[in-house]
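Chemist: Can you read through this structure? Questions will come right after.
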Amino acid sequence: MEPELLRGDAPVLSVSQLLRSARELLERRFPLQWVAGEISGLRPAASGHLYFVLKDEQAQADCVMFRSRAAALDWEPRDGLKVEVRALVTLYEPRGRFQLNVEAMRRAGLGPLYERFLKLKEKLEREGLFDPAAKRAVPGHPRRIGIVTSLAAAALRDVLTTLARRNPSIPVVVYPAPVQGDGAATRLAQALDTANLRAECDVLLLVRGGGSIEDLWQFNEEAVARAIRASKIPVVVGVGHETDFTIADFAADQRAPTPTAAAELVSPSRAALLARVAELGFRISRETSRRIEYAMQAVDTLARRLVHPAERLRASWQHLAHLGARLSAATARRLEQLAAQVKHAKASLTAFDHPALLARGYSVTRSAKGEILRDAARVAAGEHLTTTLAKGWIESRVLKKGDPDRS
């Protein structure tokens, strides 16, 4: 009898069909789940994808973490790190290769700590502890800088070196406190409180060098976050490396990626300040020179308008002489006008002159009382009258008088 495997009626699958079926079976059988191992052969691609091997003592599996997922990491994966990946078990069909498609990755053993971190962050965020509106402005030119860190920390040396290089004239006060180990968070909070009680600095640096999440955990404690927000002095936090984020970073008035960056942030460069002063001095000098030049031009303009006192007097005399000449001419014309008026008036008066009237045949008759008579009714019959002629006078007596209406 022909063996079952050699029977011609068994279905024949292509390689791609077989691999597709295997992939679908794997993805149905193994949904997303966490897998622990060590990173080996990490190869970041130009596309942004991460390729690496996840291994333990007995086995290994190829892994790929696509760019959209890798970009969400806030730390840098590297060979030798123990990690936990949340991955989809699948096959890469073009190569027939078993692989894990990594959706998320965390450093091994950090699951509980990370969950604790997220819970505290969410709690403080709801309280408004991270509200940007509540953050204080970091002074651009502090008179004194305070540093909260361990005296043995390498971060302190880095910060002091940076401050001395950038601006050695700024005094520095160190408030020592342990930066890791049990009770360090409480000591850090107390150091921040002490700095505020002494109120001798314009800005505080809370710094620590890099390390594991366990090493940096004291900066994830609630006491440190609340001490930062309770501070009346602006606090700049520079903890770990650029990819390290702690609760203290969110609570800070400003976060710096490293302790050195924190020192650079609060210390204005002495060289830059001197250059700025030189530039301002040049601009002041240039503006002063320009204003002096404008003033000199204004003086020249006024000088052209300015007249010597003797010249002004001479001009005044000339003006007075001109006015005098005009006055004399006007007076002469006026006198001529007045003389003509007088002559005309005299001629008019002459026409009514008493002797002239008498000479023309008129006479003046007065009563015995000497009154000039104009009405016959004012004299009585027999009354003596005196009549003045152009030459001589006549005395007469009224014999008869008549009414002018009956002549």
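Chemist: What does the charge dipole of segment 296-352 about its Cα centre add up to, to the nearest 20 debye, if the Cβ of each Lys and Arg holds +1 and the Cβ of each Asp and Glu holds -1?
Modeler: Taking the Cα centre of segment 296-352 as origin, the dipole is about 160 debye.
Chemist: Same structure again: Please name whichever of V299, G37, P259 sits farthest to the positive end of the charge dipole of the chain, dipole taken about the Cα centre and charges placed at Cβ: Lys and Arg +1, Asp and Glu -1.
Modeler: Checked the options; the winner is V299.
Chemist: Could you size up the charge dipole of the chain around its Cα centre, putting +1 on the beta carbon of Lys and Arg and -1 on that of Asp and Glu, and report it in debye to the nearest 20?
Modeler: Once rounded to the nearest 20, the dipole reads 4240 debye.
Chemist: Pop a pseudo-label 7 angstrom from the Cα along the beta-carbon direction at both R291 and A271 and give the gap in nm to one decimal.
Modeler: The answer from the label model is 3.4 nm.
Chemist: For segment 245-293, place one equal point scatterer on every Cα, skip the solvent, and apply the Debye formula. What is log10 of I(q)/I(0) at q = 0.18 Å⁻¹?
Modeler: Taken in order of the listed q values, log10 I(q)/I(0) reads -0.68.
Chemist: Mind ranking 171-178, 221-228, 361-368 by how tightly packed they are, going by the mean number of other C-beta atoms within 10 angstrom, highest first?
Modeler: 221-228, 171-178, 361-368
Chemist: So what are the three principal axis dimensions of segment 15-109 from its Cα atoms, in whole Å, longest to shortest?
Modeler: Principal extents (largest minus smallest coordinate, Cα): 39, 30, 20 Å.
Chemist: Can you say what percent of the DSSP beta bridges in the chain, counting only those with both residues inside, are antiparallel? Round to 5.
Modeler: 65 percent
Chemist: Taking amide H positions as placed 1.01 Å from N in the peptide plane, with prolines and chain starts having none, which residues 5 or more places from I147, or on another chain, fall under 5 Å of its amide H?
Modeler: Here V173, V174, Y175, L205 satisfy the definition.
Chemist: A further question on this structure: Listed highest first by mean packing, meaning other Cβ atoms within 10 Å per residue, what order do 389-399, 150-160, 239-249 come in?
Modeler: 239-249, 150-160, 389-399
Chemist: Which value, in debye to the nearest 20, gives the size of the charge dipole of segment 269-312 about its Cα centre, when Lys and Arg are +1 and Asp and Glu are -1 at the Cβ?
Modeler: So the magnitude is around 160 debye.
Chemist: Taking the Cα-to-Cβ direction at A321 and at A278 and moving 7 Å from each Cα, how far apart do the two end points lie in nm?
Modeler: 6.8 nm
Chemist: Out of W393, Y92, Y362, whose Cα points farthest toward the positive end of the dipole of the chain (charges: +1 Lys, Arg; -1 Asp, Glu; placed on Cβ)?
Modeler: In the chain, that residue is W393.
Chemist: Between segment 245-314 and segment 33-104, what is the separation of their alpha carbon centroids in Å?
Modeler: 58 Å
Chemist: Compute the FRET efficiency between R366 and L338 as 1/(1 + (r/R0)^6), taking r as their Cβ-Cβ distance and R0 = 41 Å, and round to the nearest 0.05.
Modeler: It comes to 0.60.
Chemist: Another question, if that's okay. Please work out how much length the chain gains when fully extended from A59 to A152, using 0.36 nm per residue of separation minus the C-alpha to C-alpha distance, in nm with one decimal.
Modeler: Length gained between A59 and A152: 29.2 nm.
Chemist: Same structure, new question: Would you mind putting 320-328, 133-141 in packing order, based on average other-beta-carbon counts within 10 Å, highest first?
Modeler: Per-residue mean Cβ counts within 10 Å order the peptides as 133-141, 320-328.
Chemist: Please identify which residues in segment 71-96 have an amide N closer than 19 Å to a label point set 7 Å out from the Cα of L120, following the Cα→Cβ vector.
Modeler: So the set is 74-75.
Chemist: Just the projected area, averaged over all directions, of the convex hull on the alpha carbon atoms of segment 269-312: how many nm²?
Modeler: If I average the Cα hull's projected area over directions, I get 3.4 nm².
Chemist: Could you state the per residue volume, in Å³, of the convex hull enclosing the Cα atoms of segment 113-235?
Modeler: 104 Å³
Chemist: How large are Rg and Dmax for the chain when calculated on the C-alpha trace, in angstrom?
Modeler: In Å, with Rg to one decimal and Dmax whole: 61.7, 211.
No value in this document is a laboratory result; all are computed from the given coordinates. Note that the coordinates shown come from a computational prediction; the quantities given were computed from them, not determined experimentally. Every residue, glycine among them, receives a Cβ derived from its backbone with ideal geometry; neighbour counts consider all protein chains shown.
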